[in-house]
Amino acid sequence: MATLTRPARTRGTGDEPGQTLRSRKYNRREALAGYLFISPWLVGFAVFTLGAMAYSLYISFSYYNLAKNTVRPAGLDNYRAMFEDPKVALSLKNTLFFAVMAVPLEIIFALLLAALLNKLGRSAGIFRTLYYLPKMTPSVATAAVFFLLLNGNTGAINSGLRLLGIEGPQWLIDPAWVKPSIVLMTLWGVSGTMVIFLAALKNVPRELYEVASLDGAGPVRQFFTITVPMISSAIFFNVIVLTIAALQVFDQAFLLFWRDQSNASPESSLFYGVYLFQEAFRQFDFGFAAAMAWLLFVIIMLITAVQVRFGNRFVYYEGDR
C-alpha cells in the first residue's frame, strides 16, 4: 500500500510573493527618495543647461541683435557667414594649436608634481595645500601677476634669464611667444589635475614595486612599466577633461590681451572663445555667436569621441584580466 508523505519544508529563499512585493515597494520608495534629493539639480540642469542649449540652437538660425532687440529668421545664413569669416578659421586654428601644446605639458607637469608629493611622508599635506593654492587664485589676479612677470623689458622671467646670459623674448608682443605665454599661465593652475593623479598614485599596490625591485628594475623602468599603466585611467580622464577645457580657453587670453580694446592685440592670441565673446557681447550678434558655439560643441564631441575610441585601448581598468 502506498503511503502518503508530507513534503519536506524548505527555508524561504526570499522569493515568496509577499516578500517580493514588499521589496518592490521598498525599492520604489528608495528610488523616489533619491529623485527627490537630486530634483533641485535636475531642475537646474533642465532649465539652465538644456534650456539654454535649446534656445541657443534656436537663435543660431536667427538674426538676433541684442542692442536692437530684434529677432528675424535667418535660416543657415549664420552658419554660412561663419564658414566664410576668416577670423573664425584663425581663432579655431589658434585654439587647436594651443590645445596640442598645453594638454601634454599640463599632464606631464601635474604627474611630476603628484609623483613628488607621493614620495613625501607626513609633510605631504602641507605641500599639497601650498601647491593647490594657485588654483584658488582669481583669474584676474593671476592675469595681473603674469602680465608683470612676462613683460619683455622689466618682467621677472626675462630678468632671471638675463642673469643666465639669455636674452628673453617679448612674451606678450612676439606672435611666436604669445601662445607659450598663455600656456605658462595655464600651468599655474595645474594643481587640480595634480590632485587626481595623486589619488591614483595612492591606489597603486606597493607590492608591485617591491617585486620589480627584486627583479632589478630601476625607478625609471618602474615608473613606465608599473606606475603609468596602473594610473592610465586617471591619465585618460585628465586628457579628455583638459582637452575640453583647452578648446574653450578664454580667461587667460582675454585678460592678457583683449581686456583693453584700445590696444592692438596680436592675432595669435585670438582664440575661439575670445572671438565668440566679441561677437556676442561687443557686436551683439547673438545669432552668429550661437552658431559659433554649436560648431565648437560639435568639434569637442568629435574630438572626445576619437579620444574615447582609441584611448580605451591603452587604459588598464581594475576589473581587467
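If the condition is being crowded, with 17+ Cβ neighbours inside 10 Å, modelled with pLDDT of 90 or more and either hydrophobic (A, V, I, L, M, F, W, C) or outside any helix (DSSP H, G or I) (or both), then the range 65-83 contributes only Met82.
Checking the stated criteria, Val239 turns out to be part of a helix (DSSP H, G or I) and touching a residue at least 40 places away in the same chain (Cβ under 8 Å).
Here is a check on your reading of the model: is Arg313 in a helix (DSSP H, G or I), more than 18 Å from the chain's Cα centre (by Cα) and modelled with pLDDT under 85? Criteria met by Arg313. Criterion first (at pLDDT 90 or above and of a type in the set (Val, Ile, Thr)) does Val308 satisfy it? Criteria met by Val308.
Considered as a group, the residues in the range 20-64 that are modelled with pLDDT of 90 or more and not in a helix (DSSP H, G or I) include one that is surrounded by the most Cβ atoms within 10 Å (Cβ to Cβ), and that residue is Ser60.
Residues in the range 200-236 that are of a type in the set (Val, Ile, Thr) and not in a loop (DSSP other than H, G, I, E, B): Val211, Val220, Thr225, Ile226, Thr227, Val228, Ile235. Identification of helices (runs of 4 or more DSSP H) wholly contained in the range 84-175 with 1 or more residues that are within 26 Å of the chain's Cα centre (by Cα), surrounded by fewer than 18 Cβ atoms within 10 Å (Cβ to Cβ) and free of Cβ contacts under 8 Å to residues at least 24 places away in the same chain yields 86-119, 124-136, 139-149. Restricting the range 186-205 to residues that are of a type outside the set (A, V, I, L, M, F, W, C) and more than 17 Å from the chain's Cα centre (by Cα) leaves a set whose member that is farthest from Ile126 (Cα to Cα) is Pro205. Taken together, the residues in the range 277-304 that are aliphatic (A, V, I, L, M) and either more than 16 Å from Ala99 (Cβ to Cβ) or in contact with a His (Cβ under 9 Å, 6 or more places away or on another chain) (or both) amount to 6.
The values are calculated or read from the model by the stated rules, or taken from the named source; none is laboratory data. Everything quoted here is computed from the prediction, not taken from an experiment. Counting neighbours? That spans all protein chains shown, and the Cβs are built from the backbone with ideal geometry, glycine included.
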